[in-house]
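The values are calculated or read from the model by the stated rules, or taken from the named source; none is laboratory data. None of these values were measured; they are calculated from a predicted model. A quick note on method: Cβ atoms are made from the backbone with ideal geometry, for glycine too, and the neighbour counts reach across all protein chains shown. These area figures cover heavy atoms from the full protein model, side chains too; ligands, DNA and RNA do not enter into them. Shrake-Rupley method; radii C 1.70, N 1.55, O 1.52, S 1.80 Å.
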Amino acid sequence: MEQKTDAKNKLTTKWLFTKNRSCSCTMPGVWRAVSFCDGCAVIFHGPEGCSHVATLMDLGAQYRIIGDHMDEKVDAVPLIASGLQEKDSIFGGAERLRGCIAYVMKTWHPKCLVIATSCVAGVIGDDVEQEAEDAENEYHIPVLCVPYGGFLGGEYSEGYFQTAKLIMERFIKPQPQVPGTILLLGDQMGPCGQYAREVKRLLSGFGLQVKWQFPGYVPFAQWKDLSSASLLIPLSYAGQTQGGLEKTAAEWEDKFGTPSVRDVYPVGWQNTCEWLRKIARLLQDEALGERIIKEEEARLNDFVDTILPVTKNKKAVLGIGRGPRWYNPAETLHTIQRMQMDITAVVLYDKLMEEEKEAVTAMVKEWVLVTIPIISDGNFQQVLESADVLITTDEIMDNPVKQFFIPMVPLAGTDGEIILMRTIYRLLCRYGNKGGIAYA
């Protein structure tokens, strides 16, 4: 993260850099793929600090769930580091790993053990796969090894989806499907997160029941039953790295014959409608799908009626600093128009590359029917001063305009749309004409 100062306009923008690939480690991905699967235990074959990173990641996730007024209803499985030290980089860490496995078996008695390898283990060349095979023969439980070597083998998503693939290949076989049962694929803050909660609510209108969320939230004893689900619902959104999730969904469909809803996700109102229609087509009940959409739209309209006295005719500026791979302004513009606010300008921050500015400009022009200024030269102080609110992908520092920060991770479904509108409404209701930033 970096701060960018425009001396001419005296604006400071908090930059959030996004790249096609992150600089994350595979080990937390392995952990997250089984972290709430009762009966499992996870070993990080690496220094103790590696497990600390995963613990901090989970702590952050728990804080976000608490902030959303929810509680996780499952406990995490044991996560233990083998504790590689400096001397092990010379003499090897296989003996230390064997001791760690023995300790885990004696202490927790897991039904399945998963071992992830760190950068140190990858560099010194420990044969962790052989150690996993030996442990399986000795303790007579499945022992999975994901030997990606921390940062050496890829990033978080590689560890996450490779672990899911190993589980699919070893433990899950085709079987008759139980009508009306749903398997969610992906994380998105787990079963208690806003995405999964909203998906469950929308699916209930079709009489469908979400039974599992894979990987990461299915007890080991139930892994063998996962292919009995009659429909697979990936949890994703435009801009997220799709390769792993959609590839896994396609592999699941090919291997187990479970139809899946891919290519469209219930993020933003228009996408939510398309997603509901796709499910209705799969269920061969398009009339029911249209009825659900009508009911959800009535919900939206009823809420809008309660906030229009504040939002109607308010001046809004849309500030964009995320490229088209990560952000499509169409849904935000639709939300602004639904609240009957006037869009006075679209600002393109200078963190965008020229080709990104061109793509975003085309997206805006495709959606907005009237001509509005699209400012990309940094001269946007005047439009901010006349606006009631700046709806922005990046925080503007030390500026007295009210700001709504567009979530990095989009909210799902009708509830997500209502949350966005409610947050903007409350921001406009704050005392005084200027100042403050709100997050959804």
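Given a 10 angstrom Cα cut-off, can you work out which residue in 115, 424, 124 is the most mobile in a GNM of the chain?
Most flexible of the set in this elastic network: 124.
Between residue 301 and residue 408, what is the spin-label point distance in nm, taking each point 7 Å from the Cα along the Cα→C-beta axis?
3.8 nm
Which residue fluctuates most in the GNM of the chain (Cα springs below 10 Å): 139, 327, 217?
Taking springs between Cα atoms under 10 Å, the residue moving most is 139.
Placing unit charges on C-beta atoms (Lys and Arg positive, Asp and Glu negative, everything else neutral), compute the dipole magnitude of region 93-170 about its Cα centre in debye, rounded to 20. Intermediate values should be presented prior to the final figure.
Numbers: 6 positive and 12 negative charges, 70 e Å.
Here region 93-170 has a charge dipole of around 340 debye.
So for the pair residue 315, residue 85, with labels modelled 7 Å out along Cα→Cβ, what separation do we get in nm?
Placing both labels 7 Å along Cα→Cβ, they lie 6.7 nm apart.
As I understand it, the dipole of region 121-262 uses +1 on the Cβ of Lys and Arg and -1 on the Cβ of Asp and Glu, about the Cα centre. Which of 124, 208, 185 lies farthest toward its positive end?
Result: 208.
What percent antiparallel are the DSSP beta bridges of the chain, to the nearest 5? Mind showing how you got there, number by number?
On the way: 8 of 50 bridges.
Antiparallel bridges: around 15 percent, rounded to the nearest 5.
At 1.4 Å probe size, with every protein chain present, just tell me what the per residue accessible area of region 255-337 comes to in Å². Each step should come with its number before you reach the end.
Working: 3750 Å² over 83 residues.
I get 45 Å² per residue for this part.
Using the charge dipole of region 283-395 (Lys, Arg: +1 at Cβ; Asp, Glu: -1 at Cβ; taken about the Cα centre), state which of 353, 321, 389 has its Cα farthest towards the positive end.
In region 283-395, that residue is 389.
Mind listing the Cα extents of the chain along all three principal axes, in Å, largest one first?
Per principal axis, max minus min of the Cα coordinates gives 72, 56, 38 Å.
Radius of gyration and Dmax for region 290-440's Cα atoms, expressed in Å?
15.1, 47
How much accessible area per residue does region 111-163 have, in Å², with a 1.4 Å probe?
Details: 2260 Å² over 53 residues.
About 43 Å² of surface per residue is accessible.
At a 1.4 Å probe radius, carbon and sulfur cover how many percent of the accessible area of region 220-324? Display every interim value, and only then the final one.
Values: 2110 of 4510 Å².
Carbon and sulfur atoms account for 47 percent of the accessible area of region 220-324.
Run the numbers on region 167-245 and let me know its relative contact order in percent, using alpha-carbon pairs under 8 Å that are six or more apart.
Numbers: 110 pairs, mean separation 37.8, N = 79.
Reported relative contact order: 48 percent.
Residue by residue through region 219-225, which ³J(HN,Hα) values in whole Hz follow from phi under the Karplus form 6.51 cos²θ - 1.76 cosθ + 1.60 (θ = phi - 60°), with glycine and proline marked x?
x, 3, 5, 9, 4, 5, 8
Can you tell me which of 199, 114, 310 moves the most in a GNM of the chain? Springs connect C-alpha atoms under 10 Å apart.
310
What whole-number value in cubic angstrom gives the convex hull volume per residue for the C-alpha atoms of region 366-440? Display every interim value, and only then the final one.
Values: hull volume 9.5 nm³, N = 75.
Roughly 127 Å³ of hull volume per residue.
Scan around residue 348 for amide H atoms under 5 Å from its own, H built in the peptide plane at 1.01 Å from N, and keep only partners 5 or more places away or cross-chain.
It is 320, 375, 376, by chain and number.
Given +1 on the Cβ of Lys and Arg, -1 on the Cβ of Asp and Glu, and no further charges, what dipole in debye does region 265-384 carry about its Cα centre, rounded to the nearest 20?
Numbers: 15 positive and 18 negative charges, 39 e Å.
The dipole magnitude comes to about 180 debye.
I need the trypsin sites (Lys or Arg not before Pro) found in region 255-314, filtered to DSSP loop residues with at most 14 other beta carbons within 10 Å of theirs. Show your work: numbers first, answer last.
On the way: sites: 255, 262, 277, 278, 281, 291, 294, 299, 312, 314; in loops: 262, 312, 314.
Counting only loop positions with at most 14 other Cβ atoms within 10 Å, the trypsin sites (Lys or Arg not before Pro) in region 255-314 are 312.
With a Förster radius of 41 Å, plug the Cβ-Cβ distance of residue 385 and residue 282 into 1/(1 + (r/R0)^6) and report the FRET value to the nearest 0.05.
Details: r = 51 Å, r/R0 = 1.23.
Efficiency, from the Cβ-Cβ distance: 0.20.
Residues with beta-carbon under 14 Å from that of residue 296, excluding residue 296: net charge, scoring Lys, Arg +1 and Asp, Glu -1? Working shown, then result.
Working: positive: 201, 277, 291, 294, 299, 338; negative: 198, 274, 290, 295, 297, 302, 415, 417.
So the surrounding residues net to -2.
Report the charge-dipole magnitude of the chain in Debye, nearest 20, computed about the Cα centre from +1 at each Lys and Arg Cβ and -1 at each Asp and Glu Cβ.
Numbers: 45 positive and 56 negative charges, 238 e Å.
For the chain, the charge dipole is close to 1140 debye.
Ignoring ligands and nucleic acids, what accessible area does residue 290 show with a 1.4 Å probe (Å², nearest 10)?
About 80 Å², rounded to the nearest 10.
Please name which of 275, 227, 94 has its Cα lying farthest along the dipole of the chain towards the positive end, using unit charges on Cβ (Lys, Arg +1; Asp, Glu -1) and the Cα centre as origin.
275
Modelling each spin label as a point 7 Å along the Cα-to-Cβ direction, I'd like the residue 440/residue 106 distance in nm, to one decimal.
The two pseudo-label positions are separated by 5.4 nm.
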